[in-house]
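The values are calculated or read from the model by the stated rules, or taken from the named source; none is laboratory data. Quick caveat: nothing in here was measured; it's all calculated off a predicted structure. We place every Cβ from the backbone using ideal geometry, glycine too, and count neighbours over all the protein chains shown.
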Amino acid sequence: MSVLTTLLSGLGSLTKQVLGTYAPTLLKAAGGPFGALAGTALQAIFGTTDPSGLETAMASMTPDQVVALKKAEFDLQAKLKELGINEEDLYLKDVQDARAMQVATKDPTVARLAWTVVGGFIAVSAAQLVGLVLYPDAVQKIPPQGWLLIGNISGYLANEAKQAAAFYFGSSAGSQAKDATLADLAKST
């Protein structure tokens, strides 16, 4: 996995929100096989390969960076069109391939990893709640950098738990496709 793909796997919520607003194709590409393309574009615009640096840079974007981000979005869309790739396939194809591999190999590692991530999210969330309720004086002593780290860990675990659940139970995109198929079946009968 390249440094750029690693960068994109650790995107923060602000980064995802900004990309979802200005460059949704880049965001979709970030999670799939075109992550390096998206990462290269983001690195050229914001000059960083560090997820927290990217988050900071996006929090104070200049108008020139917004224009560059939109240009990168249009360039990626043109490149995908040139290659004959549908934007929706960027994420869904990757998930479908992973599910097909899991069905074929029945590797227990995927389930163990999913349960570890979900369990970690539950444990960290419970620890935060217990700390806030039972130890409010100790919580007040935590410096801002500590809260930043706690927030990053919580956000990462929440996102990964969501991904693990989507892998096993389907995502909203998969649900929409299923709903469309059921509607078509209902019309044909």
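Could you grab me the full set of residues in region 33-87 that are without any contact (Cβ under 8 Å) to a residue 60 or more places away in the chain and of a type in the set (Ser, Thr, Tyr)?
Across region 33-87, the qualifying residues are Thr40, Thr48, Thr49, Thr56, Ser60, Thr62.
So in region 106-152, with the set limited to residues that are of a type in the set (Gly, Ala, Ser) and over 20 Å from the mean Cα position of the chain (by Cα), which one is nearest to Thr56 (Cα to Cα)?
Filtering region 106-152 for residues that are of a type in the set (Gly, Ala, Ser) and over 20 Å from the mean Cα position of the chain (by Cα), the one nearest to Thr56 (Cα to Cα) comes out as Gly146.
Looking at this structure, is Gly12 farther than 21 Å from Lys81 by Cα, modelled with pLDDT under 80, assigned by TED's automatic domain parsing to the domain that holds Glu55 and surrounded by 17 or more Cβ atoms within 10 Å (Cβ to Cβ)?
yes
Does region 55-69 hold any residues that are out of contact with any Phe, Trp or Tyr (no Cβ under 6 Å at 6 or more places or on another chain) and of a type outside the set (Val, Ile, Thr), and which are they?
Scanning region 55-69 gives Glu55, Met58, Ala59, Ser60, Met61, Pro63, Asp64, Gln65, Ala68.
So Tyr168 fits all but one of (1) more than 21 Å from Ala123 (Cα to Cα); (2) modelled with pLDDT under 85; what number is the exception?
If we test Tyr168 against (1) more than 21 Å from Ala123 (Cα to Cα); (2) modelled with pLDDT under 85, just (1) comes out false.
Considering only residues of region 114-173 that are charged (D, E, K, R) and part of a helix (DSSP H, G or I), which is farthest from Ser52 (Cα to Cα)?
Asp137
Let's see how each residue does on (1) surrounded by 12 or more Cβ atoms within 10 Å (Cβ to Cβ); (2) assigned by TED's automatic domain parsing to the domain that holds Gly35; (3) modelled with pLDDT under 90:
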{"position": "Gln102", "(1), (2), (3)": "yes, no, yes"}
{"position": "Arg112", "(1), (2), (3)": "no, no, yes"}
{"position": "Phe121", "(1), (2), (3)": "yes, no, no"}
{"position": "Val130", "(1), (2), (3)": "no, no, no"}
{"position": "Gln140", "(1), (2), (3)": "no, no, no"}
{"position": "Gly151", "(1), (2), (3)": "yes, no, yes"}
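Kindly indicate whether any position in region 87-99 is at pLDDT 75 or above and either over 16 Å from Phe167 (Cα atoms) or under 21 Å from the mean Cα position of the chain (by Cα) (or both).
no
Counting just the residues of region 153-171 that are free of Cβ contacts under 8 Å to residues at least 40 places away in the same chain and more than 15 Å from the chain's Cα centre (by Cα), which one comes out surrounded by the most Cβ atoms within 10 Å (Cβ to Cβ)?
So the residue we want is Gly170.
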